[in-house]
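Novice: Supplied in structure tokens, the structure appears directly below.
The values are calculated or read from the model by the stated rules, or taken from the named source; none is laboratory data. It should be emphasised that the depicted structure is a prediction, and the values quoted were computed from it without experimental measurement. Note that we place each Cβ from the backbone using ideal geometry, even for glycine, and neighbour counts take in every protein chain shown.
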Amino acid sequence: MTVTAADKTGAHTPEAADVITGARERIDALDDRIIGLIQERMAVSAVIQEARITSGGRRVNLSREMEVLDHYRQALGKPGTALAMTMLELCRGRV
Ligand SMILES: C=C(O[C@@H]1C=C(C(=O)O)C=C[C@H]1O)C(=O)O
């Protein structure tokens, strides 16, 4: 059985299916960039954590994490906090 663009997108007209298909390509490209930026952030975060641990400090710095959480909350609202918490977990592991 053939899967049509309308099936894949949920659109009810070919015009809407075209809009959705094009916009999804842009979303996939944006997601690739976001993932790349998160990976870059993880690497920079690792440099900071290693420097602190090597100097005798702890991996985690809660006051800094509060600043990061607040930054995301101010920009994106409450879901921004959840996003930042997931990102912090990616960057420093679970606490
Ligand atoms: C990167 C740091 O170390 C840890 C990781 C953080 C981060 O990824 O943003 C923030 C605070 C620390 O728990 C830092 O102190 O800046």
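Novice: What are the pairs with Cβ atoms under 8 angstrom where one residue, in segment 16-35, is more than 26 Å from Leu83 (Cβ to Cβ) and of a type outside the set (Asp, Glu) and the other, located anywhere, is part of a helix (DSSP H, G or I) and at pLDDT below 95? Sequence gap at least six, or different chains.
Specialist: If the second residue must be part of a helix (DSSP H, G or I) and at pLDDT below 95, the pairs left are Ala17/Ala5; Ala17/Ala6; Ala17/Lys8; Thr21/Ala5; Thr21/Lys8.
Novice: I would also like to ask the following. With the structure loaded, tell me whether Ala11 is small (Gly, Ala, Ser), part of a helix (DSSP H, G or I) and at pLDDT 95 or above or whether it fails that test. Explain how you work it out, then say what you get.
Specialist: Details: small (Gly, Ala, Ser): yes; part of a helix (DSSP H, G or I): no; at pLDDT 95 or above: yes.
Taking the combined requirement at face value, the residue does not satisfy it.
Novice: Now, a different point. Just to verify a result, which residue in segment 48-81, among those that are among the hydrophobic types (A, V, I, L, M, F, W, C) and more than 11 Å from Arg92 (Cα to Cα), is nearest to the ligand (Cβ to nearest atom)? Spell out how you get there, then give the answer.
Specialist: Residues of segment 48-81 that are among the hydrophobic types (A, V, I, L, M, F, W, C), as a first pass: 48, 51, 53, 60, 62, 66, 68-69, 75-76.
Right, trim to more than 11 Å from Arg92 (Cα to Cα) and you get 51, 53, 62, 66, 68-69, 75-76.
On the way: Ala51: 9, Ile53: 10, Leu62: 7, Met66: 9, Val68: 5, Leu69: 9, Ala75: 15, Leu76: 16 Å.
In this case the residue turns out to be Val68.
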